[in-house]
Amino acid sequence: MNGIIAVGDMPRDVHNVYLVFLMDYVEGDPQPDNVEVDGAGFYSLEEINSMNVAELTRELARIAFEQPSHGLKANPVNMVSLPTYGLYGIQSLV
């Protein structure tokens, strides 16, 4: 594991908390569970941007592809219209 890249909080009827880690590829092919994930693979950011994926997935991929620094910061863009929702991502190198 190379570190945490995002922490997300999405309160709904079932409260979701997301912890997203940046990890090194070791071996094998990604396998979908066919319950929550119906497809899996390795994709570039450009490919992900043209796919039918959730906005949260797209944003987390963007964060993962950036060069990280240390620490988390609040994401100023609300991805859903819930007042208590929050996504915290890595601080980009400036």
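Which whole-Hz ³J(HN,Hα) couplings does the range 8-19 yield from phi under the Karplus relation 6.51 cos²θ - 1.76 cosθ + 1.60, θ = phi - 60°, glycine and proline marked x?
With coefficients 6.51, -1.76 and 1.60, one gets x, 9, 10, x, 9, 4, 10, 6, 10, 10, 10, 10 Hz.
What are the ³J(HN,Hα) couplings of the range 30-45, residue after residue, when phi is run through the Karplus curve with 6.51, -1.76, 1.60 and θ = phi - 60°? Round to Hz, x for glycine and proline.
With the stated coefficients, the range 30-45 comes to x, 10, x, 8, 6, 10, 9, 10, 9, x, 8, x, 10, 9, 7, 4 Hz.
Quick check: net charge around ASN52, other residues with Cβ under 14 Å of its Cβ, Lys/Arg +1 and Asp/Glu -1?
Numbers: positive: ARG58; negative: ASP38, GLU47, GLU55.
Value of the local net charge: -2.
In sequence order, what are the phi-derived ³J(HN,Hα) couplings for the range 46-51 according to the Karplus relation 6.51 cos²θ - 1.76 cosθ + 1.60 with θ = phi - 60°, rounded to whole Hz, with x for glycine and proline?
For the range 46-51, the Karplus-derived couplings read 4, 5, 4, 5, 9, 9 Hz, x marking Gly and Pro.
Excluding TYR43 itself, what net charge comes from residues whose Cβ is under 14 Å from its Cβ, given Lys and Arg +1 and Asp and Glu -1? Don't skip to the answer; put the middle values down first.
On the way: positive: ARG58, ARG62; negative: ASP29, GLU46, GLU47.
Summing Lys/Arg as +1 and Asp/Glu as -1 gives -1.
Throughout, read-outs are computed from the coordinates displayed, never taken from laboratory work. From a predicted model like this one, the values you see are computed outputs, not experimental measurements. As a convention, Cβ positions derive from the backbone with ideal geometry for all residues, glycine included, and neighbour counts pool all protein chains shown.
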